[in-house]
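Everything on this sheet refers to the single structure shown next.
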Amino acid sequence: MHFGNPNKLCVAEYFFEPTSSFQDKDFKGDVSGNYAFASQVAEVEVDTYTGKVNVINMYVSQDVGRVLNPMGLQGQIEGGLATGLGYALTEEMIYEDGYLTNPSFHEYKLLTAMDMPEVHFYPIETMDEAGPYGSKGAGEAPLIPTAAAIANAVSNALGVEFLSVPLTPEKVLKALSEKNNHKTANSQIL
Amino acid sequence: MNFEIESPLNKEELLKTLSNLQSKKFRFGAGFTDLLIEFKKFNPVETTVINLAQLKDEEFCSIRNDSGEIQIGSLVKLAQICKDTYIKDNFPVLHQAANALASGQIREVATVGGNICQASPSGDLSCALVSLKANCEILNIDGKIRNQAISEFFKGPGKTSLQKNEILKSISIPINHSKNLKSGYIKIGKRSAMECSIVSLAYHFQLEKNGKVKHAGIAIGAVGPTIIFCQETVDFLLKQNINNIDEVLKLKIASMIQNASSPIDDARASAWYRHQVLYNVAKSLFE
């Protein structure tokens, strides 16, 4: 920090990105200066009549480096989570004969504030030497585990494995009815 | 997007504007939540918009409660219905449907008449009104009023029985004969707000003290070309006591409601899903 012209404050900053090796053919290598580690737990309710998944609680714990602005961090976590929630439950591009059938936000369903679950955030504060002031990325990491956590929670509730997202009501109800048909078919054989 | 605009300020001006425009193409706009989107998609050609947002008229703009029926003007905003305590207490189905429609911001500008005249098979408010056996009061350019049951008002997706020289003035709903109600609106969609329903079911039962069904109305939306009033189910229910509906009867009623539907596949959901969910939801009515 120094003064240039009289009464003008200038701030000079620099960030040196540590050297990293690019991915090789096996997708291995040190690709980033630092890494964020995130974990999430999802608590869901599934309506077996409609197949609708209702996420009640999300527990988020994340290595966030050094926290500079706690409220800004909470915003990043909730925003990332909301994106992950849409990925898990509704967002889907549906193609028919090569044409996108839902090209607007009318049919491509982004979730709204009404769909947000309770977010319980437990930050793990670390000091990362590579990041500025010891901080690291916090906004992208929370959206990565969300879909997996929700899909696993739904599988745990219903006893059906899902191999694709989004878990739309239709997909869930179909899986449920297939499971029930399977059961009755088995019991008939026995 | 290029169009002429006329803004009548009272009923006389409205009728005059309407008769002047008989030979031209025109559209009504009140909340403009659907019209502007439509104009964006299909550029209007030589169209005049009759802007009703500035119209000041008691019959068009208010909810009145007199002479054995409740009258809702077609320019009443959905937020007004949500806030009306009489409707909340006596017609929970209408209150819930208005609350389920789009989002808080849209409910502040969107109007009852707009939702009805759009004649969407998945219209939330229309579905509740069909279950309440509401009556449409339609005004023509000579100032004459025509009454029509709302289930006959809808002719197909986007089609109503409204003629070019007519405008929907208000909706009237017969008041309840019984205070003992079982009434509600079930909307199935992918998200909790800003949603176009995949299946909707509106029900309004008036019961006697012992639980016998005195008056009934059931309407299903988004499972056919128009909103469907389940006449057969209603006739069947009128002979029943709501406390005596057992497992067998419950399933019978559910399949009766299901049989009234004729869903199709679209981007929102498949016909299979609609058919299945309608059955499940109808089943949940008596649980």
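A few comments on the model shown:
- Selection within region A:53-81 - surrounded by fewer than 21 Cβ atoms within 10 Å (Cβ to Cβ) and either within 12 Å of another protein chain (Cβ to nearest Cβ) or part of a loop (DSSP other than H, G, I, E, B) (or both): A:ASN54, A:ARG66, A:VAL67, A:LEU68, A:ASN69
- Residue list for region A:115-125, restricted to those being within 30 Å of A:SER135 (Cα to Cα) and within 13 Å of chain B (Cβ to nearest Cβ): A:MET116, A:PRO117
- Residue list for region A:176-185, filter: free of Cβ contacts under 8 Å to residues at least 60 places away in the same chain and more than 8 Å from chain B (Cβ to nearest Cβ): A:GLU178, A:LYS179, A:ASN180, A:ASN181, A:HIS182, A:LYS183, A:THR184, A:ALA185
- Restricting attention to region B:199-222, the residues being within 16 Å of B:SER126 (Cβ to Cβ) and either away from every other protein chain (no Cβ under 14 Å) or of a type in the set (A, V, I, L, M, F, W, C) (or both) number 11.
- Whichever residue in region A:87-114 is touching a residue at least 60 places away in the same chain (Cβ under 8 Å) and within 11 Å of chain B (Cβ to nearest Cβ) and, among such residues, is farthest from the chain's Cα centre (by Cα): A:GLU92
- Residue match in region B:58-76 (condition: under 22 Å from B:ILE186 (Cβ atoms) and either small (Gly, Ala, Ser) or not assigned by TED's automatic domain parsing to the domain that holds B:LYS133 (or both)): no
- Among the criteria (1) under 22 Å from B:ILE198 (Cβ atoms); (2) out of contact with any His (no Cβ under 9 Å at 6 or more places or on another chain), the one B:ALA79 does not fulfil is (1).
- Residue match in region B:240-263 (condition: modelled with pLDDT under 95, within 14 Å of chain A (Cβ to nearest Cβ), more than 14 Å from B:CYS127 (Cα to Cα) and not in a helix (DSSP H, G or I)): yes
- Condition check for B:LYS214: over 20 Å from the mean Cα position of the chain (by Cα), closer than 19 Å to B:ALA134 by Cα and modelled with pLDDT under 95: yes
- Just one of the numbered conditions (1) of a type in the set (A, V, I, L, M); (2) without any contact (Cβ under 8 Å) to a residue 60 or more places away in the chain; (3) farther than 27 Å from A:SER104 by Cα; (4) assigned to a helix (DSSP H, G or I) is not true of B:LEU94: (2).
- Test: residue in region A:122-130 that is of a type in the set (S, T, N, Q), out of contact with any helix residue (DSSP H, G or I) (no Cβ under 6 Å at 6 or more places or on another chain), more than 21 Å from A:MET93 (Cα to Cα) and without any contact (Cβ under 8 Å) to a residue 40 or more places away in the chain: no
- Residue that is part of a helix (DSSP H, G or I) and in contact with a helix residue (DSSP H, G or I) (Cβ under 9 Å, 6 or more places away or on another chain), where the choices are B:PHE39, B:PHE60: B:PHE60
- Screening B:ASP89, B:ASP142, B:ASP124 for residues that are surrounded by fewer than 16 Cβ atoms within 10 Å (Cβ to Cβ), closer than 23 Å to B:PHE286 by Cα and not assigned by TED's automatic domain parsing to the domain that holds B:HIS215 leaves exactly one candidate, B:ASP89.
- Test result for B:ASP235, part of a loop (DSSP other than H, G, I, E, B) and charged (D, E, K, R): no
- Contact annotation: residue pairs with Cβ atoms under 7 Å, 6 or more positions apart or on different chains, pairing a residue in region B:63-82 that is assigned to a loop (DSSP other than H, G, I, E, B) with a partner that is charged (D, E, K, R), are B:SER74/B:LYS169.
- For region B:105-115, filtered to residues that are within 14 Å of chain A (Cβ to nearest Cβ) and touching a residue at least 12 places away in the same chain (Cβ under 8 Å), the residue that is surrounded by the fewest Cβ atoms within 10 Å (Cβ to Cβ) is B:ILE106.
- Looking only at region B:1-59, and only at residues there that are of a type in the set (Asp, Glu) and touching a residue at least 60 places away in the same chain (Cβ under 8 Å), the one that is farthest from B:VAL109 (Cα to Cα): B:GLU59
- Matching residues in region B:4-44 - criterion: being touching a strand residue (DSSP E or B) at 6+ places or on another chain (Cβ under 9 Å) and either basic (Lys, Arg) or at pLDDT below 90 (or both): B:LYS11, B:LYS24, B:LYS25, B:ARG27
- Yes/no for B:GLY143 being modelled with pLDDT under 95, within 22 Å of B:ILE50 (Cα to Cα) and not aliphatic (A, V, I, L, M): yes
- Just one of the listed residues (B:ASN180, B:ASN99) is within 14 Å of another protein chain (Cβ to nearest Cβ), surrounded by fewer than 23 Cβ atoms within 10 Å (Cβ to Cβ) and either more than 25 Å from B:CYS230 (Cβ to Cβ) or without any contact (Cβ under 8 Å) to a residue 40 or more places away in the chain (or both), namely B:ASN99.
- Selection from region B:10-24 of residues that are under 26 Å from the mean Cα position of the chain (by Cα) and not in a helix (DSSP H, G or I): B:ASN10
- Neighbours by Cβ (under 9 Å, 6+ apart or cross-chain): first from region A:11-31, farther than 17 Å from A:GLY137 by Cα; second of a type in the set (Val, Ile, Thr) and assigned to a loop (DSSP other than H, G, I, E, B): A:SER21/A:VAL31; A:PHE22/A:VAL31; A:GLN23/A:VAL31
The values are calculated or read from the model by the stated rules, or taken from the named source; none is laboratory data. Note that the structure is a prediction, hence the values are computed from the model and not measured. Neighbour counts run over all protein chains shown; Cβ positions are idealised from the backbone, glycine included.
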